[in-house]
Amino acid sequence: MTRDPRFDILFEPVRIGPVTAPNRFWQVPHCTGMGNLHPRTLAAMRGVKAEGGWGVVNTEYCSIHPSSDDTHAPYASLWDAGDVRNMAAMTAAVHAQGALAGVELWHGGQRSSNALTREAPLAPDSMMVERNPWQSQRMDRQDIRALRDWHRAAALRAISAGFDIVYVYAAHTYLVTQFLDPSSNRRDDDYGKDAEARARLYLELLEDTREAIGDRAALATRIEVYDETGAGREERSALLARAATFVDVFDVTVPDYGHEMGSSRFVKEATLESHVAHVKALTGKPVVSVGRFTSPETMLSQVRRGILDFVGAARPSIADPFLPAKIRDGRMDEIRECIGCNICYAHDWLGVPIRCTQNPTMGEEWRRGWHPERVPAVTGRADPVLVVGAGPAGLEAALTLGRRGVPVLLAEAGNEPGGRVTLESRLPGLLEWARVRDWRVHMLGKLANVEFYPASTMDRGAVLDTGVRHVLVATGSLWRGDGRGRSHPAGVAGFADPRTLTPDRILRGERPAGPVVIFDDEEYHIAAGLAELLATEGLEVTYVTPGKVVAEWSIFTTEQPRLQARLMELGVRIVTSTAVTGLGPGVAELTCGFTGRVSEVACAGFVPVTSREPTDGLWLALQDAGLATLERVGDARAPGLIAHAVHDGHRAARAHLAPPGTLEVRRERVVIE
């Protein structure tokens, strides 16, 4: 295929101070859950992105000193020569593909509690650190001088590690931002008494870094275009103009991380434009920003209209590391678009390497040797495989097997593919989640060796009638109606009531009577989405959860505050730290998780969102059928996130007929010699 020449501008080299980016695709610094704990995992992942055409590939936040310790979240570091060696593995992987490597030097200030290093946190004032009951040390001039020395030393180590771009990080409420922002900097000295004083440390770090790196690397800065309150636009614009004296490229954003990193449920593509459009004219320097860009047309528009010089991306580069290459090669229909679920970010919060709902190979590049665009072909003639179920696991398994050259029969009981993806994308704001289905269906259409059979219910006899001896059962799961879950492991007999409807039934079109009680014992997004759906349809809704807040796990995906606000705006009654323990005539019985106090709430319809039952009956029925391969995959094996189902389908497809010794899962850990 040939590229549409309109997109040629995206592949022009762009000069950034002393270095030149090969194109306009800029993977911005983003968390990985890898950091200094998993340097090989990190280097392999960043190298794959460079291979996929990202012209600039950056690290995550990179600590300059032990006083900037974000444990338990993994972070990169440049404290010493050992860190230099580890980071050099990343730059080597990026350079091998002809891309530039950038590092985001970071000090967390009062947001770093330093739980591992036990260093005193540092900040403009002595304030509470994040998530822990202790405070930071108020920085004096000696502390500020030390900080500048640490930052300069880290910049020099970055050069030794081979980085081409060095960031001064002044965003996301970390230390430099704490000095810049009047709400956190209440000092009355030359580092805080007025706007000029608040900007002093930032400008000093820029000058120090410029002097340290010279013309060996470009100087970038990540900075917000106004302060944390949403005010101070003129003051910040004046600062950006001054900073341009030192800076080669501006990476600009907004203080609201829930906007910058917002899920697709609430934030759509390219919504930062009105906030950052002035920076290029203001500074006269190249500008990069993000917007969860998934459309090549949007990317092109941002550059052609002079909003941005570089298309910045974190999540789109995770969902499809080869996004630039696909635009370059005229394969835009093959772009695996980010769905904005923020499962990547959630796992960094959990302290583990990131993963992706759309891209099951993310984080597995070194550990399992997986590549997002290449799978090993089956050696010799492959017998056909029957995949039963065309949900996320079945679609991914069929696609990966098909790419390996295996003949595949994909049978689906319903009239259309997608399974739970189709259902969940019907919830308010989740339409983009259907991309998980749509991309796989589209790619399957390119494979002559995969046949799709909708409306094909498969029982033991039907499977055996096909004559296929390799079977993957991807029949999914169903939400339980008996209340079994964290709060009630044995279930609640009283939930067997005509008022009870499971989430599956609602998403297929059934509706409860009102007032309706939704019991969220799972604590992710389904119950909150159902509450919003039913409330917008005019039903009186009470949302009950043992959690402390609505959809507590969605804290990890940045959605929780907006989900709770949405339900409150819709008039949903929210009852936390409470379980539904029974149903009585016209009421639901509620029990407080702390006091055991029992109360009642009106209930004409009841929706338990507690746990799911694997639909594994076909797998059980085939146990004695003498098949060469019989495996459960996805939710039929262990119900989880959509990301789990996709990953498991991919795993099973790669494992099928794999040569011995090729399925090793490697570990990175300290080994005492």
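Table for the structure above
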read-out: Rounded Å value of the spacing that divides the Cα centres of the stretch 249-303 and the stretch 30-82; value: 23
read-out: Nearest-ten-degree value, helix 39-51 long axis tilted from longest Cα axis of the chain; value: 90
read-out: Interchain or long-range residues, amide H under 5 Å from Ala123's placed H; value: Gln137, Met139
read-out: Per residue accessible area in Å² of the stretch 135-230, where ligands, DNA and RNA are left out and the probe is 1.4 Å; value: 37
read-out: Label-point separation, Arg131 to Lys193 (7 Å along Cα→Cβ), nm; value: 3.9
read-out: Within the chain, percent of DSSP bridges classed antiparallel, to nearest 5; value: 20
read-out: Gyration tensor (alpha-carbon) shape descriptor, the stretch 471-598, a/c threshold 1.5; value: rounded
read-out: Three-way shape call for the stretch 533-618 based on the alpha-carbon gyration tensor, with the a/c threshold at 1.5; value: rounded
read-out: Asp140 - accessible surface, heavy atoms, 1.4 Å probe, Å² rounded to 10; value: 80
read-out: Sulfur and carbon atoms: percent of accessible area, the chain [1.4 Å]; value: 52
read-out: Between helix 233-243 and the chain: long-axis angle, C-alpha atoms, 0 to 90°, nearest 10; value: 60
read-out: The stretch 598-670 versus the stretch 197-221: alpha-carbon centroid distance in Å; value: 51
read-out: Residue list for the stretch 142-167, given a label point 7 angstrom along the Cα-to-Cβ vector of Ala120 and an amide N cut-off under 11 Å; value: 143
read-out: Acute angle (nearest 10 degrees) that the helix 526-536 long axis makes with the longest principal axis of the chain, alpha-carbon atoms; value: 80
read-out: Separation in nanometres of the label points that stand 7 Å from Cα toward Cβ, at Ser301 and Val670; value: 5.1
read-out: Surface per residue (accessible, 1.4 Å probe) for the stretch 526-661, Å²; value: 40
read-out: Rounded if a/c under 1.5, otherwise prolate or oblate - the chain, Cα gyration tensor axes; value: oblate
read-out: Expected-Rg normalisation [2.2 N^0.38 Å, Cα atoms] applied to the stretch 568-673; value: 1.78
read-out: Estimated inter-spin distance, Asp143 and Asp333, nm [label 7 Å along Cα→Cβ]; value: 6.0
read-out: Amide hydrogen neighbours beyond the local backbone of Val408, cut-off 5 Å, H modeled; value: Val385, Val450, Glu451
read-out: Efficiency of FRET between Asn415 and Asp465 - r from beta-carbon atoms, R0 22 angstrom, step 0.05; value: 0.55
read-out: Contour excess over end-to-end distance, with Cα ends at His72 and Thr20 and 0.36 nm allotted per residue; value: 15.1 nm
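The values are calculated or read from the model by the stated rules, or taken from the named source; none is laboratory data. These numbers come from a predicted model, not from an experiment. Every residue, glycine as well, gets a Cβ built from its backbone with ideal geometry; the counts of neighbours run over all protein chains shown. What goes into the accessible areas is simple: the full protein's heavy atoms, side chains included, and nothing from ligands, DNA or RNA. Shrake-Rupley method; radii C 1.70, N 1.55, O 1.52, S 1.80 Å.
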